[in-house]
Amino acid sequence: MVGTADTPWTASYAEGVPDDIELPEGSLADLIQSSISEFPDNVALEFFGRETTYAELGDQIARAAEGLRRLGVRKGDPVALILPNCPQHVVAFYAILRLGAIVIEHNPLYTPRELRHQFEDHGAKVVIAWDKLVGELQSFPKDIAVDRIVSIDLTRAMPLRLRALLRLPITRARRQRADLTVKVAGTTPWEALLENEPVAASVPGPTAADIALIQYTSGTTGHPKGATLTHLNLGVNAAQARAWVPTIPRGTASVHAVLPLFHAYGLTLCLTFAMSMGARLVLFPRFDPDLVLPVIKKRPPTFLPAVPPIYERLTAAAKAKGVSLRGIQIAISGAMPLSQAVITPWEELTGGYLVEGYGLSETSPVLMANPVADNRRQGTVGLPLPGTEVRVVDPDDPTKDVAPGERGELVVRGPQVMSGYWKKPDETADVFVGDPKDGGWFRTGDIVTIDAEGFVTIVDRIKELVITGGFNVAPSEVEEHLRAFPGVADAAVVGLPSARNGEEVVAVVVAEPGQTVDAEALRAFARERLTPYKVPRQVFTADELPKSLIGKVLRKKVRDGLIESGAEASE
């Protein structure tokens with residue numbers, strides 16, 4: 001391939017990857033129907049060994065859609081999902097979309113307060129929820145009270161033998177199958193939705209331009225922002241992912257959903273990409289090597305999206321148990337830096353590729369990835385996907401590009417980029433250069449460099465930069481050196497308010513088991529490797545660092561925790 005002056009990265013694409021992408025004309029309802037029609041007898045879902053074919057999945061989606069319609073769900077209505085990974089999650093997602101309603105994904109581990117913040121924002125009146133969470137929903141205050149709750153018992157999707165192992169009596173399980181009136185008080189049981197006839201073809205569905213999903217980002221602070229993603233945004237991102245892996249034919253793949261489906265990363269690569277591939281989607285309610293390895297031993301995934309800690313744990317567990325990982329062809333890593341120390345053992349065990357990618361909730365989420373080829377480049381997040389445009393600009397004046405190879409803020413434009421935040425025009429205007437409906441550029445908030453071949457390296461996030469004495473300090477750069485110190489298992493670098501310097505660079509470190517960390521020795525180690533203003537003035541220790549569900553260190557929580565504990569700049 002030969003890249004152009006505007007898109008030099010296409011010259012670095014793997015063989016078979018197109019320079020651009022054809023926009024899908026239909027909706028996500030059409031996307032799933034295509035796989036149902038082409039691969040009716042293929043296994044679509046696997047859950048603890050229980051299989052659902054694409055024909056069966058299509059029937060359940062159509063019946064659940066009719067059930068939701070009879071509960072009053074109409075086109076454009078927001079419908080909340082609060083579920084772990086399970087077959088019902090997949091069915092509910094597509095049933096909502098079939099009606100042209102809007103899916104709103106929620107983390108089932110959120111506190112009631114966190115959930116309330118998001119419900120206050122989106123105002124959904126119908127919720128499909130794990131039955132263990134119904135009490136929290138029913139305790140909502142009147143101003144955000146929901147009208148209908150559909151409750152889901154996860155064990156109903158498991159094989160009968162497994163229910164017995166979970167100490168659910170067989171006689172009770174049989175009675176529940178026969179009597180669908182057994183339910184959580186005040187709710188509609190999920191099984192009752194599936195008793196309906198399939199939704200009629202005359203019931204209007206969505207168009208590509210309709211909103212399909214509200215994906216919340218930074219929503220636990222009391223000021224949630226919901227990225228509004230259309231059927232086109234999500235559908236084209238699935239198409240971009242398919243184009244990136246031309247070696248996997250449709251109807252042949254197996255994908256393991258070890259990432260949560262409610263997270264943007266897991267949603268696209270499992271709920272939309274995998275389903276558009278006619279793949280077998282193996283669902284895990286949580287990541288546990290003891291759950292995943294037996295499935296890999298039986299049938300390895302063709303494609304495994306995950307994060308570095310998951311690859312590390314699987315590698316270690318496979319070696320310890322003598323389980324082969326051969327057959328895992330492609331693994332895509334995101335959310336945090338991927339080191340060579342993780343890549344090398346993984347690729348030795350699998351014989352496949354492990355490459356890093358990058359995206360945000362606002363971009364459906366995938367923007368770029370390393371080529372699945374020998375020219376992949378560790379330490380970078382790869383190349384913009386087909387149809388994606390990128391620029392590097394001055395953060396203080398995003399209308400001006402920086403010189404080639406220089407650091408600047410990454411701005412992007414493409415069919416996978418959201419049109420804005422749900423009911424927040426001011427916040428939307430803040431993150432776009434120009435009108436998003438007229439070719440505006442989305443400001444990622446990430447500081448990057450792009451080399452001559454188009455490979456992008458993330459330097460840091462603007463909002464997490466520590467500004468001390470007028471100098472910008474990238475936390476990830478300092479953390480990388482601190483983690484190299486003997487005895488340090490993990491580190492987080494943040495800024496404490498300082499009357500003298502604006503902020504003071506401090507670090508919180510976690511020691512390896514059985515080890516202690518000498519703060520002064522660590523600072524001396526850092527001084528040998530970093531310019532003085534980047535060296536932490538103080539080093540604090542902790543048993544663990546706060547992390548997101550997918551393992552990313554939450555620096556804001558680290559900083560807030562220090563301030564709440566009374567930590568102050570040393571001045």
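Part of a loop (DSSP other than H, G, I, E, B) and surrounded by 21 or more Cβ atoms within 10 Å (Cβ to Cβ): does that describe residue 486? Here the answer is no, as residue 486 does not meet what is asked. Just one residue in the set 475, 497, 513, 536 is surrounded by fewer than 19 Cβ atoms within 10 Å (Cβ to Cβ) and in contact with an Asp or Glu (Cβ under 9 Å, 6 or more places away or on another chain); that residue is 497. Out of curiosity, is residue 408 small (Gly, Ala, Ser) and closer than 26 Å to residue 262 by Cα? Here the answer is no, as residue 408 does not meet what is asked. Within the stretch 548-571, restricting attention to residues that are at pLDDT 90 or above and among the basic types (Lys, Arg), the residue that is surrounded by the fewest Cβ atoms within 10 Å (Cβ to Cβ) is 557. Residues in the stretch 375-407 that are without any contact (Cβ under 8 Å) to a residue 40 or more places away in the chain and basic (Lys, Arg): 376, 400. When residue 126 is tested against the conditions (1) over 17 Å from residue 95 (Cβ atoms); (2) surrounded by 20 or more Cβ atoms within 10 Å (Cβ to Cβ), the lone failure is (1).
Among the residues in the stretch 339-350, are any within 30 Å of residue 419 (Cα to Cα) and touching a residue at least 12 places away in the same chain (Cβ under 8 Å)?
From the stretch 339-350, those within 30 Å of residue 419 (Cα to Cα) are none; that's our starting set.
No, the stretch 339-350 has no match at all.
Counting only residues that are of a type in the set (Val, Ile, Thr), at pLDDT 60 or above and either in a loop (DSSP other than H, G, I, E, B) or exposed (fewer than 11 other Cβ atoms within 10 Å of the Cβ) (or both), how many does the stretch 180-208 have?
Residues of the stretch 180-208 of a type in the set (Val, Ile, Thr): 181-182, 184, 187-188, 199, 203, 207.
Checking the rest, the ones that are also at pLDDT 60 or above come to 184, 187-188, 199, 203, 207.
Filter again for either in a loop (DSSP other than H, G, I, E, B) or exposed (fewer than 11 other Cβ atoms within 10 Å of the Cβ) (or both), leaving 184, 187, 199, 203, 207.
Residues in the stretch 180-208 being of a type in the set (Val, Ile, Thr), at pLDDT 60 or above and either in a loop (DSSP other than H, G, I, E, B) or exposed (fewer than 11 other Cβ atoms within 10 Å of the Cβ) (or both): 5 in total.
Selection within the stretch 137-156: residues that are buried (at least 17 other Cβ atoms within 10 Å of the Cβ) and in contact with a Phe, Trp or Tyr (Cβ under 9 Å, 6 or more places away or on another chain). The member of this set that is nearest to residue 107 (Cα to Cα) is 137. Within the option set 74, 69, being touching a residue at least 24 places away in the same chain (Cβ under 8 Å) and either touching an Asp or Glu at 6+ places or on another chain (Cβ under 7 Å) or in a loop (DSSP other than H, G, I, E, B) (or both) holds for one residue only, 74. Hey, can you tell me all the residues within the stretch 32-53 that are assigned to a helix (DSSP H, G or I), over 24 Å from the mean Cα position of the chain (by Cα) and of a type in the set (Ser, Thr, Tyr)? Those that are assigned to a helix (DSSP H, G or I), over 24 Å from the mean Cα position of the chain (by Cα) and of a type in the set (Ser, Thr, Tyr): 34, 37.
Name the single residue that is surrounded by the fewest Cβ atoms within 10 Å (Cβ to Cβ) among those in the stretch 386-436 being part of a loop (DSSP other than H, G, I, E, B) and among the aliphatic types (A, V, I, L, M). Checked the stretch 386-436; the qualifying residue surrounded by the fewest Cβ atoms within 10 Å (Cβ to Cβ) is 403.
Screening 249, 289, 300, 308 for residues that are over 24 Å from residue 374 (Cα atoms) and not small (Gly, Ala, Ser) leaves exactly one candidate, 289. Among the residues making up the stretch 243-260, a single one is surrounded by fewer than 24 Cβ atoms within 10 Å (Cβ to Cβ) and within 17 Å of the chain's Cα centre (by Cα): 255. Can you name the number of the only condition in (1) within 18 Å of the chain's Cα centre (by Cα); (2) surrounded by fewer than 24 Cβ atoms within 10 Å (Cβ to Cβ) that residue 133 fails? If we test residue 133 against (1) within 18 Å of the chain's Cα centre (by Cα); (2) surrounded by fewer than 24 Cβ atoms within 10 Å (Cβ to Cβ), just (1) comes out false.
Here residue 149 meets the list (1) free of Cβ contacts under 8 Å to residues at least 60 places away in the same chain; (2) of a type in the set (Val, Ile, Thr); (3) part of a helix (DSSP H, G or I) almost entirely, failing just condition (3). Residues in the stretch 336-385 that are farther than 24 Å from residue 264 by Cα, acidic (Asp, Glu) and not in a loop (DSSP other than H, G, I, E, B): 347, 348.
Suppose we filter 113, 172, 177 for residues that are exposed (fewer than 13 other Cβ atoms within 10 Å of the Cβ), modelled with pLDDT under 85 and farther than 30 Å from residue 51 by Cβ; which single one remains? If you could, list the steps in order and put the result at the bottom.
Details: 172 fails: farther than 30 Å from residue 51 by Cβ; 177 fails: farther than 30 Å from residue 51 by Cβ.
Selected residue: 113, the only one of 113, 172, 177 that is exposed (fewer than 13 other Cβ atoms within 10 Å of the Cβ), modelled with pLDDT under 85 and farther than 30 Å from residue 51 by Cβ.
Among the residues of the stretch 125-146, those identified as assigned to a loop (DSSP other than H, G, I, E, B) and closer than 20 Å to residue 262 by Cβ are 125, 140, 146.
Taking the stretch 77-105 as the range and being part of a helix (DSSP H, G or I), in contact (Cβ under 8 Å) with a residue 40 or more places away in the chain and among the β-branched types (Val, Ile, Thr) as the test, only 90 passes. The single condition among (1) more than 24 Å from residue 462 (Cβ to Cβ); (2) outside any strand (DSSP E or B) that residue 539 does not meet is (2).
Per the listing 280, 299, the residue uniquely at negative phi and touching an Asp or Glu at 6+ places or on another chain (Cβ under 7 Å) is 280. If I filter the stretch 262-286 down to residues being crowded, with 24+ Cβ neighbours inside 10 Å and in a loop (DSSP other than H, G, I, E, B), which single residue comes out as modelled with the lowest pLDDT? Applying the filter and picking the extreme gives 262. Just one of (1) in contact with a helix residue (DSSP H, G or I) (Cβ under 7 Å, 6 or more places away or on another chain); (2) over 29 Å from residue 291 (Cβ atoms) fails for residue 47. It is (2).
Taking the options 293, 304, name whichever one is part of a helix (DSSP H, G or I) and outside the structural domain of residue 549 (by TED's automatic domain parsing). Before you say what the answer is, go through the steps one by one.
Values: 304 fails: part of a helix (DSSP H, G or I).
The match here is 293.
Scoring residue 517 on the criteria (1) in a loop (DSSP other than H, G, I, E, B); (2) at pLDDT below 95; (3) hydrophobic (A, V, I, L, M, F, W, C) leaves a single failure, condition (2).
Residues satisfying the criterion are present in the stretch 35-43 (criterion: of a type in the set (A, V, I, L, M, F, W, C), closer than 24 Å to residue 233 by Cβ, without any contact (Cβ under 8 Å) to a residue 40 or more places away in the chain and surrounded by fewer than 24 Cβ atoms within 10 Å (Cβ to Cβ)).
Restricted to the stretch 247-261, and to residues that are without any contact (Cβ under 8 Å) to a residue 60 or more places away in the chain and assigned to a loop (DSSP other than H, G, I, E, B), which residue is farthest from residue 284 (Cα to Cα)? Walk me through it before giving the result.
First pass over the stretch 247-261, keeping only residues without any contact (Cβ under 8 Å) to a residue 60 or more places away in the chain: 249, 252-256, 258.
Now restrict to residues that are assigned to a loop (DSSP other than H, G, I, E, B): 249, 252-253, 258.
Values: 249: 24, 252: 20, 253: 17, 258: 6 Å.
Selected residue: 249.
The values are calculated or read from the model by the stated rules, or taken from the named source; none is laboratory data. Note that the structure is a prediction, hence the values are computed from the model and not measured. Backbone-built Cβ (ideal geometry, glycine too); neighbour counts: all protein chains shown.
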